[in-house]
Amino acid sequence: MSAMMKPLNRLPAKLLTLCLLLSLAAHSVVIYRFFAAGTLFTGKGDGLAQMIPFQMYLYEQFSHFNFFYDMGFGIGGDFFRSLAYYYSTSPIAYLYFTVVYVLDLILPLPTQHVDFWAVNQLTVSIFKLAVIIYVMFRMLRYFGINKYAAMTGAMLYSYSTVYFFFTFTWSFFSDVMLYLPLTILGMERFFHEKKIGLFILGIAVTLHSNFYFSYYEFIFVLFYFLYRTIYPKRSDIVPRLTKVCVLTIAVLLAVMTAAVGFYTGVTSYLLNDRTLPPLKLKPFIDFNILYNVFYHGYYVVIPFITVMALITFKLYRNYTFRLFAVITLLFLAGSLSPLFDSFFNGFSIDQRRWVYFLVFSSAVVCAVYLQHIRTLSAKDIAVSLLPVVIIYPLSIYSTHQWLPWLVFVPVIITLIFMVPRSEQRLYVLLTGVIIYGNFYFVHDYITAQMDTLHPADIRNMKFIHSGNYNSAVQQSMIQTVTTRHPSERIDWQTSATHNTPMYQHFNGIKLYSSIFDKDIYQFYDKALNITMDTDSNSIYYRLGERANLYALFNVNHSLRTNNTATLPYGFRAVDKRSDAVQHYTMYANQYQLPVVRVTDRVFSPSALKTPIDREHAMLRGVVLEDTPANAAVAPARNLLPHARVTFHHAALNGTHLAVDQDQGGMTFTLDKELANRYKDLYIDVSIELKSPSKYHYVWFNEIYQSRKPLDDDYRRFNPRITMRIKSSPTIDLKLMTGRYTVKINGIYGEDYRTLQAAAHAPTHQLKQAGSKLVVTLGTHDPGYAVIPTPYLKGMTARVDGRAAEIMEGNYLMTAVKIGADARQIVISYTPPWFHLMQLISIIGILSAVVFSRKLYRRELFPKEYRAVSNEEDIDYVAPEQPLDDL
């Protein structure tokens with residue numbers, strides 16, 4: 001064993017300590033900013049709006065041993081499956097939560113405060129980066145690269161612009177930067193030592209963690225495997241057929257091991273509904289600063305040494321260099337086209353999230369380059385500088401920016417020229433300068449890119465405690481309501497996020513996430529045609545300000561700062577308070593329904609043609625599929641034939657409306673006597689902008705919906721909406737300049753007699769006890785108990801201890817059939833097939849252990865083998881460290 005590796009074998013703690021120190025050094029600027037100004041290591045958008053609330057919410061659910069269903073998750077649902085894209089299946093999140101839970105038992109922690117989780121983003125990142133450095137270093141050492149070049153390559157990958165971009169914006173994204181080198185290291189161990197356990201582990205944690213990134217990893221690992229199989233190294237001891245057989249078995253065992261997380265992630269994806277407009281992708285990117293992978297790009301910037309290495313043709317005789325150079329060149333070529341982005345995103349919208357592969361391959365290329373730098377002549381180095389002297393001056397000229405890290409370029413190039421004829425100390429100095437320059441390089445990215453999009457004053461501790469996010473006055477007003485009415489819902493959000501209910505601890509009606517159960521959007525779009533304030537695929541919130549729906553979902557309070565014009569009918573002020581910058585008013589619903597209603601009146605969905613008819617049916621009874629109806633609703637009167645239509649700064653040709661001035665459009669005029677019969681009007685309209693593509697709006701009187709440009713990645717395509725406005729003889733439709741298709745389907749009046757008749761004092765109680773919903777019933781007739789939280793397959797009900805029929809009612813809600821003598825309903829939920837997945841995982845783990853041991857002991861595929869290859873492998877050294885401790 002070489003002297004180079006012995007110290008690391010004897011004292012692995014030294015390596016881990018070094019990795020932790022390097023991670024601390026990499027985060028030094030962030031640490032300083034936090035202590036100096038309270039600046040947080042997270043973004044103002046998705047970071048504070050999603051990542052922090054999700055972590056806090058999941059910890060609170062898991063620590064109370066509730067793992068699946070919560071009526072406070074948006075309007076209710078399976079949070080474990082819905083948040084599988086984020087943290088609910090992440091092994092790193094589990095480790096984090098476990099540490100917090102144990103520490104909280106020993107030394108109570110303020111886990112109920114959102115700032116605890118916001119601050120700990122930095123702590124988690126420091127330890128995660130240290131582990132990534134360690135695993136990447138061990139992988140590079142396994143390739144036979146010396147410890148200085150290996151550590152330099154590990155740092156170029158681990159603390160790259162991509163790591164910062166991922167961790168800062170969506171902290172779970174950077175988890176995959178650990179799983180990738182772990183998987184590649186595991187594959188190489190098998191090829192050289194017949195040890196398969198690490199490969200199974202790498203695949204399993206990836207599959208369990210995130211289905212989205214598992215697809216990414218599948219593409220990369222499959223390409224890597226095919227290359228290594230078709231073109232084997234001379235040092236491989238496993239023949240091609242054995243590679244295929246064993247790795248196929250290993251992947252199957254990894255899938256079994258990760259069955260719980262993988263199944264959850266796949267079903268969350270399949271049950272999601274992201275209705276997108278037709279994709280129109282350009283064949284090539286717009287050549288702007290965002291896409292410059294060499295200089296000041298937003299998504300990724302690779303070191304200039306990568307450019308030099310790729311032009312050092314002598315090194316292509318090296319197997320490892322050639323493999324990763326090919327990968328790097330493929331990704332560089334792919335970065336020129338949005339079609340490549342779409343391919344990695346499942347042929348969907350062109351998201352550039354594969355870029356960590358480019359950083360990974362380029363880091364290995366740099367490490368091999370530094371390993372062999374002493375073999376290069378001055379001519380080799382000079383030739384490799386040709387693209388450098390072209391790319392970087394052009395980048396400076398095109399961006400009109402001189403970036404500070406450029407000062408390291410001549411210093412590093414000078415050292416590269418000197419190293420081949422110098423002592424070892426100069427080589428060590430070169431690697432040290434590259435690592436230090438990388439710190440500066442990433443710091444420049446932080447200030448130039450992230451600070452521009454995420455100003456420090458809206459992502460610091462002061463902001464966390466402000467009225468924009470989580471002020472003390474807001475918390476106090478919310479707590480006043482939840483103390484008296486814990487099961488009821490509150491309509492409230494801060495300006496920062498729709499996920500306010502998660503960290504202010506109340507049941508809301510809003511959720512900002514990438515994954516929803518499709519039934520919720522079906523309820524919003526098709527069943528009730530609910531209009532949200534914006535047309536987004538990642539958000540659902542409010543209930544169209546429709547009083548009937550507020551009552552049906554027990555939204556009995558609404559906290560507002562100023563927007564009282566859109567307040568639903570029947571709400572009045574009950575509490576007013578102020579803080580330093582804002583006035584708050586709490587409004588209470590005067591027409592409340594019991595949180596659980598028991599009814600024997602059944603309506604058929606096929607008989608209900610309009611949203612207002614469906615609301616009335618739900619107020620009077622329950623709407624059920626496949627159950628004989630015993631009641632009917634008189635259809636609401638369509639007032640459209642009684643309206644006179646005029647145009648202002650607009651012209652209508654069939655259904656095509658041309659608007660030539662902002663706020664132009666149409667006016668519908670009703671007789672005052674007719675309008676005065678109603679409190680509100682429901683406007684059922686189909687409207688879609690055709691050109692130009694821009695942010696626009698649909699505006700009826702006081703109700704306003706903003707809409708995204710036609711090519712926006714997150715625009716939800718749903719042209720038919722129902723707008724609820726206060727009843728008025730004059731109905732103004734105002735639009736921005738453009739070309740539209742418009743069809744007014746109907747105008748319906750609502751006098752709220754049905755709501756007033758349905759409203760009465762509560763006779764039944766609902767509470768959530770851990771993972772169960774418990775209903776305590778008062779006196780009632782036989783019928784259906786209707787609970788205003790989404791029904792999911794996997795729910796079971798027990799009425800007074802006996803199994804009972806449970807079904808979906810009112811298009812989304814939960815309904816349980818009960819008799820007149822029923823006193824208690826207990827509803828439980830476990831995702832379908834979940835226990836089977838647990839069994840498969842256990843079998844997979846045990847099988848993986850047995851398979852790994854038998855394979856290594858030559859009980860499987862015992863024949864020795866040495867690859868026959870004409871490839872010149874100028875650097876490979878047999879593994880000097882068995883890596884069993886991994």
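The values are calculated or read from the model by the stated rules, or taken from the named source; none is laboratory data. Since the model is a prediction, treat every value here as computed from it, not as a measurement. Here the Cβ positions follow ideal geometry from the backbone for every residue, glycine too, while neighbour counts run over all protein chains shown.
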May I ask you to say which residue of Arg644, Arg620, Arg577, Arg601 is of a type in the set (Lys, Arg), more than 30 Å from Val826 (Cα to Cα), surrounded by fewer than 18 Cβ atoms within 10 Å (Cβ to Cβ) and touching a helix residue (DSSP H, G or I) at 6+ places or on another chain (Cβ under 9 Å)?
Arg577
Residues of segment 784-805 that turn out to be out of contact with any Lys or Arg (no Cβ under 8 Å at 6 or more places or on another chain) and within 21 Å of Phe603 (Cβ to Cβ), as a count:
5
For segment 140-173, which positions are under 29 Å from the mean Cα position of the chain (by Cα), part of a loop (DSSP other than H, G, I, E, B) and of a type in the set (Gly, Ala, Ser)?
Ser160
Residue check for Glu864: surrounded by fewer than 19 Cβ atoms within 10 Å (Cβ to Cβ) and modelled with pLDDT under 95:
yes
Give the residues of segment 529-548 that are aliphatic (A, V, I, L, M) and over 30 Å from Leu710 (Cα atoms), sorted by residue number.
Ala547
Show the residue pairs meeting these rules: Cβ distance below 6 Å; 6+ apart or different chains; first residue within segment 32-55 and under 10 Å from Val119 (Cα atoms); second residue part of a loop (DSSP other than H, G, I, E, B).
Leu40/Arg459
Can you say whether Tyr263 is outside any helix (DSSP H, G or I), not basic (Lys, Arg) and not assigned by TED's automatic domain parsing to the domain that holds Asp517, as far as the supplied structure shows?
no
Selection count where residues are in contact with a Lys or Arg (Cβ under 9 Å, 6 or more places away or on another chain) and assigned to a loop (DSSP other than H, G, I, E, B), scope segment 825-845
2
Of these, Thr763, Thr730, which one is among the polar types (S, T, N, Q) and modelled with pLDDT of 95 or more?
Thr730
Answer yes if at least one residue in segment 696-710 is in contact (Cβ under 8 Å) with a residue 12 or more places away in the chain and over 26 Å from Pro568 (Cβ atoms), and no otherwise.
yes
Restricting segment 108-138 to residues that are over 25 Å from the mean Cα position of the chain (by Cα) and part of a helix (DSSP H, G or I), the one surrounded by the fewest Cβ atoms within 10 Å (Cβ to Cβ) turns out to be Arg138
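A quick yes/no check of all residues on (1) surrounded by fewer than 24 Cβ atoms within 10 Å (Cβ to Cβ); (2) in contact with a Phe, Trp or Tyr (Cβ under 9 Å, 6 or more places away or on another chain):
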residue: Gly76; (1), (2): no, yes
residue: Phe79; (1), (2): no, yes
residue: Tyr101; (1), (2): yes, yes
residue: Leu105; (1), (2): yes, no
If you check Phe165 against the conditions, is it crowded, with 24+ Cβ neighbours inside 10 Å and out of contact with any helix residue (DSSP H, G or I) (no Cβ under 7 Å at 6 or more places or on another chain)?
yes
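Please enumerate the residues belonging to segment 611-654 that are among the charged types (D, E, K, R) and on the phi > 0 side of the Ramachandran plot.
Asp626
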Does at least one position in segment 439-450 carry a residue that is surrounded by fewer than 18 Cβ atoms within 10 Å (Cβ to Cβ), among the acidic types (Asp, Glu) and over 30 Å from Met151 (Cα atoms)?
no
Specify the residue that is surrounded by the fewest Cβ atoms within 10 Å (Cβ to Cβ); the eligible residues are those in segment 383-405 that are β-branched (Val, Ile, Thr) and over 18 Å from Asp286 (Cβ atoms).
Val389
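Can you go through Ala797, Ala822 and tell me which one is crowded, with 19+ Cβ neighbours inside 10 Å, in contact with a strand residue (DSSP E or B) (Cβ under 7 Å, 6 or more places away or on another chain), without any contact (Cβ under 8 Å) to a residue 60 or more places away in the chain and part of a loop (DSSP other than H, G, I, E, B)?
The unique qualifying residue is Ala822.
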Scan of segment 389-443 for residues that are of a type in the set (S, T, N, Q) and outside any helix (DSSP H, G or I), ordered by number
Gln401, Ser422
Could you please give the count of residues in segment 194-213 that are among the hydroxyl-bearing types (Ser, Thr, Tyr) and either modelled with pLDDT under 95 or surrounded by fewer than 18 Cβ atoms within 10 Å (Cβ to Cβ) (or both)?
1
Would you be able to say whether some residue in segment 749-761 is among the charged types (D, E, K, R), in contact with a Gly (Cβ under 8 Å, 6 or more places away or on another chain) and under 29 Å from Asp671 (Cβ atoms)?
no
Would you be able to say whether some residue in segment 24-34 is over 28 Å from the mean Cα position of the chain (by Cα) and either assigned to a helix (DSSP H, G or I) or of a type in the set (Val, Ile, Thr) (or both)?
yes
Where in segment 462-548 are the strands (runs of 3 or more DSSP E), entirely inside, with at least 1 residues that are small (Gly, Ala, Ser) and out of contact with any helix residue (DSSP H, G or I) (no Cβ under 8 Å at 6 or more places or on another chain)?
none
